[in-house]
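Student: Have a look at this one before I ask anything.
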Amino acid sequence: MTPRTLFSIALATLLVASPNVAFAQNEDLSSPPPAGGEVETVQTEGSEASEDTGGLTGSVSFEGSLDNLQLAIPAFAAERDVATAANARGTAALGEELARVVTADLENNGLFDPTGPDALPKPSYPQITDPVWGMWSMRGAEMLVQGYVRPRADGRLVVGCYLYDVALRDELVRSGWVVPPSDWRRAAHKCADLIYSRLTGESPFFDSRIAYIAETGPKDNRTKRLAIMDSDGANHRFITTGRATALTPRYSPDYRKLMYLSYVDGNPRIYIYDIGTGSQTLVTESANPTFAPRWSPDGRWVLYSMAVNGNTDIYRVSAQGGASERLTTAPGIDVGGSYSPDGSRIVFESDRSGEQQIYMMNADGSDQKRITFFGGRAATPEWSPRGDQIAFTYIPGDFNVATMSPSGGNFRKLTDGWQDEAPTWAPNGRVLQFFRTERNTGRTAIYQVDLTGDNLRRLPTPVDASDPAWGPILP
């Protein structure tokens, strides 16, 4: 038996809808500008190229673990309280919401236990760049996140974000973004990314998006629609109508496109949906059952599996379409290929040994070898963006999410559910999402867990959810 993620086949049709994705502009701010003033673009020590976290100086050294770090995040200050398209109650209320999103991002990833704006005094606008050190020291804060929001004459919003070391009375990093009012949450996610990177030394992941399959209806007749949302579940949007079933979405490496599997008129088809234009491109179609399309790291190729005369093999086709190349030929079911980040190798599942196990091969299909030998079955492998680990569905009986090194060693089981499957990596390769099916009802939901296995939480979705696919950090 294989996870239903890869072996569900249904009819599907596509509704092309133009997405409303706006991109934030990075803007380093020397200080909150005076009323009516323009933003001064500067670079400060420790925050060069602050949107590209490779320019940061590394993690902060302090005693104790990150969850013991006293991190205070008061409401962002407003230059003046005026209504905006983002919040009719005004920029003061929006400042509170910005701080709540930053707090939730840092809290929900499991590394931090921050104190948010609802339990803290609200700093004034001038205090954003001149913190009241004594007050924050008395409250036990070790690190302080402050920010502000200011409307521009062109209708957009300026959001500034600052991280301070309270003990040293020193600014650690700052950045700012100009965003349309509809994208205010993106500015908050960018701020959380900035703080996360500076305190951990890791790449960020909050300003990213999730594609998934939205499920409704009885468990024996599910309606499955393609949907997208922010990494925290906000800004949810359905892409397909639900008149037919969509399966196994995956973001392109540059985030601009979304690939998924659809059955139209009884024939399986792999489509690429352009997020910016709403247009779609047919990559390949066949009368044979087709499964699990996956991108190559350079976006040029698409891996997929196809069953022909009772034998399922892995194929490769250009993302532009054309003839497919068969990569596996062993009897049985070969499915679920995932490229290594450098594109040189492919990890996949196969039952050629008599039960599902994980195998490795070169990108051209050569040198195929089994890498899992720890008992139980293994399926749906997904290579980490960092290249150091492979996540997969571990099936000793129940279905669980686990990780291992590319050699097959360092096995670690992260979940202990009844049916947890189809893991997908955060852009930084340190957090996983997967979907869980309830035993009796068949209802599904997306969950998130870090690599310790200790920080498990359910993501909010308006309907049942399966087959998550985590996209790259947004530009």
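The values are calculated or read from the model by the stated rules, or taken from the named source; none is laboratory data. No experiment lies behind these values; they were computed from the predicted model shown. Using ideal geometry, Cβ is built from the backbone for each residue, glycine included, and neighbour counts are taken over all protein chains shown. Just the protein is used for accessible areas: all its heavy atoms, side chains included, with ligands, DNA and RNA removed. Shrake-Rupley method; radii C 1.70, N 1.55, O 1.52, S 1.80 Å.
Student: I want to check the label-to-label distance for residue 267 and residue 311. Put each point 7 Å from Cα in the C-beta direction and report it in nm to one decimal.
Tutor: Spacing of the two 7 Å Cα→Cβ label points: 2.4 nm.
Student: Also, quick follow-up: Under the rule a/c < 1.5 gives rounded, and otherwise a/b versus b/c splits prolate from oblate, where does the range 143-290 land using the Cα gyration tensor?
Tutor: prolate
Student: Using Cα pairs closer than 8 Å and at least 6 residues apart in sequence, work out the relative contact order for the chain, in percent.
Tutor: 13
Student: Keeping all protein chains in place and using 1.4 angstrom, which order do 189, 236 fall into by accessible surface area, from largest down?
Tutor: 236, 189
Student: State, as an integer percentage, the relative contact order of the range 209-473 based on alpha-carbon contacts under 8 Å between residues 6 or more apart.
Tutor: Dividing the mean separation by the residue count of the range 209-473 yields 14 percent.
Student: Something else about it: Rounded to the nearest 0.05, what FRET efficiency do residue 220 and residue 118 give with R0 = 51 Å and r taken as the Cβ-Cβ distance? Could you check?
Tutor: On the way: r = 44 Å, r/R0 = 0.87.
Taking R0 as 51 Å, the efficiency between residue 220 and residue 118 is 0.70.
Student: What's the carbon and sulfur percent of the chain's accessible surface, probe 1.4 angstrom, rounded to a whole number?
Tutor: Of all accessible area on the chain, carbon and sulfur atoms account for 46 percent.
Student: Would you please name the GluC sites (Glu not before Pro) within the range 251-353 that are DSSP coil residues with at most 13 other C-beta atoms within 10 Å of their C-beta?
Tutor: Answer in residue order: no site qualifies.
Student: Could you calculate the contour length gain from residue 281 to residue 369, that is, 0.36 nm times the residue separation minus the distance between their Cα atoms, to one decimal place in nm?
Tutor: 28.3 nm
Student: Where the eigenvalues come from the Cα gyration tensor of the range 269-308, what are the semi-axes √(5λ) of the equivalent ellipsoid, largest first, in whole Å?
Tutor: Numbers: eigenvalues 82, 37, 8 Å².
Calculated on Cα positions only, the semi-axes equal 20, 14, 6 Å.
Student: Moving to a separate point now. Specify the angular offset, from 0 to 90 degrees and rounded to the nearest 10, of the alpha carbon long axis of helix 91-108 from the longest principal axis of the alpha carbons in the chain.
Tutor: 50
Student: How far is helix 184-200 tilted off the main Cα axis of the chain, in degrees rounded to 10, range 0 to 90?
Tutor: 90
Student: Further, regarding this structure: Return the label of the correct value of Rg and Dmax of the Cα atoms in Å, as calculated from the structure shown, out of (1) 23.2, 71; (2) 21.9, 67; (3) 23.5, 75.
Tutor: Checking each listed value against the structure points to (3).
Student: If you don't mind, another one. Could I have the simple spin-label model distance between residue 440 and residue 182, label points 7 Å from Cα toward Cβ, reported in nm to one decimal?
Tutor: Result for the modelled spin labels: 4.3 nm.
Student: Within 10 Å of each candidate Cβ there may be at most 14 other Cβ atoms; applying that plus a DSSP loop requirement, which chymotrypsin sites (Phe, Trp or Tyr not before Pro) in the range 282-317 survive?
Tutor: none
Student: Do any trypsin sites (Lys or Arg not before Pro) in the range 391-475 lie in a loop, going by DSSP, with at most 11 other beta-carbon atoms within 10 Å of their beta carbon, and if so which?
Tutor: Counting only loop positions with at most 11 other Cβ atoms within 10 Å, the trypsin sites (Lys or Arg not before Pro) in the range 391-475 are 439.
Student: In nm, give the distance between the simple-model label positions of residue 81 and residue 355, each being 7 Å from the Cα along the Cα-to-Cβ direction.
Tutor: Spacing of the two 7 Å Cα→Cβ label points: 6.5 nm.
Student: Provide the gained length on full extension for the span residue 236 to residue 457, in nm with one decimal, where the gain is 0.36 nm per separating residue minus the Cα-Cα distance.
Tutor: Stretched fully, the residue 236-residue 457 segment lengthens by 77.7 nm.
Student: To the nearest Å, what is the center-to-center distance of the range 282-355 and the range 373-445, using C-alpha atoms only?
Tutor: 20
Student: Additional query: For the range 209-473, restrict the atom set to alpha-carbon positions and state the Rg and Dmax in Å.
Tutor: Reported Rg and Dmax, both Å: 17.1, 47.
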